[in-house]
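To start, the structure itself, in structure tokens.
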Amino acid sequence: MAKATGTRSTATSGQSTAKRTRSAAETETIRVALVERRDELQTEYDVSITEITELQRDRLADSAGDDQADTGTKTFEREQEITLANNLLERITQVERAIDRLGEGNYGWCERCGNAIPVERLAAFPSATLCVHCKQLEERR
């Protein structure tokens, strides 16, 4: 049985505890989906890093006669590629965190208020850690 947070009343935490129970089959289905997503992102990241390395090698070999504009363009493109790779790495980290939360019994519950995260939100963004309301409050800051 999951722990009730100390910030809720007894009646609320009792309801919350009952809702937090998830069957082993449900947990396993969610875990498999998260692991598959993490593996997809990891493959995409690995391909991205390989492509960045190859492009960098090609740029270094083909830089003779470049003027400032060419150098600037190549630098800008490289920075964009690295940013995209870093975004993939961040998404991998988020999915791994969701897998950890699932193992702890906290998956699907808002880290801030403790309310359930709507199934629709989890379907769209499986590594969500905040409910819609708390996420909106966070984005306003």
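Please treat every number below as a calculation from the coordinates, not as lab data. Given the structure is predicted, the values throughout are model-derived calculations rather than measurements. Because the Cβ atoms are built from the backbone with ideal geometry, glycine has one as well, and the counts that use them run over all protein chains shown.
Observations on the model:
- Pairwise label distance in nanometres, Glu81 with Arg97, each label 7 Å out on the Cα-Cβ vector: 2.9 nm
- Segment 33-125 shape via C-alpha gyration tensor axes, a/c threshold 1.5: prolate
- Scanning residues 5 or more positions from Tyr107 or on other chains, those with amide H under 5 Å from its amide H are Leu102, with H placed 1.01 Å from N in the peptide plane.
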